[in-house]
Amino acid sequence: MSILDIFSVFQVIPMIFIIIAAVYILSTSARILREYERAVIFRLGRVARAIINVGGDGNGPGLIILIPLLDRMVKVSLRTVTMDVPPQDVITKDNVSLKVNAVIYFRVIDPNRAIIQVEDYLFATSQIAQTTLRSVLGQSELDELLAERDRINQRLQQIIDEHTDPWGIKVTAVEIKLVDLPQEMQRAMAKQAEAEREKRAKIIHAEGELQASEKLAQAGRIMAAEPVTIQLRYLQTLTEIGLEKNSTIIFPIPIDILKTFMGDQKK
């Protein structure tokens, strides 16, 4: 091997190291954030902005250039998070034991506070949602929980949002999904509903009897004023009976004969 060849080899080796170093620096310093992502950058432990942010505002989205070995980036999603609150054992104001679970919708509006002010904003939001659910439902009665669920949802959303606002989190909605009643309470409520329906049925039946008696009294007054209406009603009854196919034999008795007997009894 000639001296020229050895010299060319020593020239190629540094070029290879330079290329490898450049590729490593680019791979560790260049980051691409999606439209719904933002970055919190720590430079030597302090919050800083990226050196270059192409096509974005602040720390994302777009291309982010970091200083190798000095910068550390934490991604934060700005999309709405749907979190299921596990079933909670709740004792209502009227001493009824329940299992209640809910769902909470929230999103990060300030990535810096969401990373700096709280250790794990997802876990913290879940815990505050569980404790608030038990506290609010413990101050409500069972009938209120079943009948005024929208108002309770709004109250839960307001309280949780007040607690998570310092963390840069906005709670948009809280919905109670399921209220699991004990079997004994379900049977008691079924009996109560059955008794309520029987009460309504008896009241409706009594009102019908009252209206029928009023109509009969009105009809009696009309018949008393016009005696001929009794004979017309009698004939109408015979016509209705004759329409039915039966073996009933009817002997019409003139009303005048009955009047004669009635007159004798009065004497």
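The numbers here are math on the coordinates, done by the rules we state, and not lab data. Since we're looking at a predicted model, the values are computed, not measured. In this analysis, Cβ positions are derived from the backbone assuming ideal geometry, glycine residues included, and neighbour counts consider all displayed protein chains.
What list do you get for 27, 126 if you sort them by fewest beta carbons within 10 Å?
Numbers: 27 10, 126 16.
Listed from fewest to most nearby Cβ atoms, that is 27, 126.
For the range 158-203, what is Rg from Cα atoms divided by 2.2 N^0.38 Å, rounded to two decimals? The partial results should precede the final answer.
On the way: Rg = 20.3 Å, N = 46, 2.2 N^0.38 = 9.4 Å.
It is 2.15.
Each label was represented as a point 7 Å from its Cα along the Cα-to-Cβ direction; for residue 120 and residue 209 these points are 6.9 nm apart. Residues of the range 64-83 falling in the label zone of residue 28, defined by backbone nitrogen less than 19 Å from a point 7 Å along Cα to beta-carbon, are 64-75.
When the scattering of the range 27-130 is computed by the Debye formula from its Cα atoms alone, each counted once and equally, what is log10 I(q)/I(0) at q = 0.14, 0.16 Å⁻¹? For the range 27-130, the Cα-only Debye profile gives -0.64, -0.75.
What is the extension gain from residue 20 to residue 233, computed as 0.36 nm multiplied by their sequence separation minus the C-alpha to C-alpha distance, in nm to one decimal? Display every interim value, and only then the final one.
On the way: separation 213, 0.36 × 213 = 76.68 nm, distance 11.48 nm.
Value of the extension gain: 65.2 nm.
Put in line by how crowded their Cβ is, counting other Cβ atoms within 10 Å and starting with the fewest, 15, 223 read 15, 223.
For the range 81-185, what does the relative contact order come out to in percent, with C-alpha contacts under 8 Å and a separation of six or more? Don't skip to the end; give the middle numbers.
Working: 170 pairs, mean separation 41.5, N = 105.
It rounds to 40 percent for the range 81-185.
As a proxy for reagent exposure, ranking 17, 106 by other Cβ atoms within 10 Å from fewest up yields 17, 106.
Excluding residue 31 itself, what net charge comes from residues whose Cβ is under 15 Å from its Cβ, given Lys and Arg +1 and Asp and Glu -1? Intermediate results must be reported in sequence, preceding the final value.
On the way: positive: 34, 38, 43, 49, 72, 75; negative: 35, 37, 71.
It works out to a net charge of +3.
Computed from backbone phi with θ = phi - 60° and the Karplus coefficients 6.51, -1.76 and 1.60, the 3J(HN,Hα) list for the range 212-224 is 5, 5, 5, 5, 5, 5, 5, 5, x, 5, 5, 5, 5 Hz; x is used for glycine and proline. Length available on full extension from residue 222 to residue 139: 0.36 nm per residue minus the Cα-Cα distance, which gives 23.6 nm.
Evaluate the charge dipole of the range 81-185 about its Cα centre and quote only its size in Debye, nearest 20, assuming +1 on the Cβ of each Lys and Arg and -1 on the Cβ of each Asp and Glu.
On the way: 10 positive and 17 negative charges, 49 e Å.
Value, rounded to 20: 240 debye.
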